[in-house]
Amino acid sequence: MKMSIGVEYALHCLLYIVKLKDKEYVGIKDLAEFQGVSESYLAKVFTKLGKVGIIKSCPGVKGGYELGRDPEEISFWDVVEAVEGKEPIFQCVEIRQNSILVDKNNLPKSYTKCPCFIKKVMQEGEDEMKKYLSKKTLAWLYNEVYGRILSSEKEKETLDWFRSRK
């Protein structure tokens, strides 16, 4: 499985708006410039995030984006689903029923009444990934990055950079 780069763009850029004050917005152009990513692609990603309420937009010269919910309420899985969609990762099309050794006119119950074992295992794996990513929130990410990896000076420098753009 491969997630698109949009998930990475979203998580990195959302990190920078976690600690903004109420009614303080960041524009796509500034986020793209700060992170060194494509502005047009990031705008498409943010459109998806906005559709599910992860972010809110404010039009106008001083407008931009802010979080649509508290950072404690936005999980990595929320971001993945917003960017990638809600389709299951594994798509079972029941090819087991196409086997040349199976009489298609007289399929045994094991082929028609129970879930495909492969599908079941793949779904369990996806459920575990979903459970793990659902526990990791933007608040957790912010605390890890600015609480453990980067200094408080770097946090201030980052916020000041965005605030200076208005």
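The values are calculated or read from the model by the stated rules, or taken from the named source; none is laboratory data. The model shown is predicted, which means the values in this text are computed figures rather than measured ones. Note that each Cβ is placed from the backbone with ideal geometry, even for glycine, and that neighbours are counted across all protein chains shown.
Out of everything in the range 5-61 that is of a type in the set (Ser, Thr, Tyr) and more than 17 Å from the chain's Cα centre (by Cα), what residue ends up being surrounded by the most Cβ atoms within 10 Å (Cβ to Cβ)?
Initial filter on the range 5-61 (of a type in the set (Ser, Thr, Tyr)): 9, 16, 25, 38, 40-41, 47, 57.
Adding the requirement that they be more than 17 Å from the chain's Cα centre (by Cα) leaves 25, 38, 40, 57.
Values: Tyr25: 20, Ser38: 13, Ser40: 9, Ser57: 17.
Here the answer is Tyr25.
Look through Phe90, Phe76 and report the one residue that is farther than 30 Å from Val18 by Cα, in contact with a helix residue (DSSP H, G or I) (Cβ under 8 Å, 6 or more places away or on another chain) and modelled with pLDDT of 80 or more. Walk me through how you get there before you give the answer.
Details: Phe76 fails: farther than 30 Å from Val18 by Cα.
Just one listed residue meets the conditions, Phe90.
Search the range 131-159 for residues that are surrounded by fewer than 15 Cβ atoms within 10 Å (Cβ to Cβ) and pair each with any residue that is outside any helix (DSSP H, G or I) and not aromatic (Phe, Trp, Tyr) when their beta-carbon atoms are under 6 Å apart and the residues are at least 6 apart or on different chains.
So the pair list comes out as Ser134/Ser75.
Return the residues of the range 40-93 that are in contact (Cβ under 8 Å) with a residue 12 or more places away in the chain, part of a loop (DSSP other than H, G, I, E, B) and under 19 Å from Lys166 (Cβ atoms); say none if nothing qualifies.
Listed by number, the residues that qualify are Lys62, Gly63.
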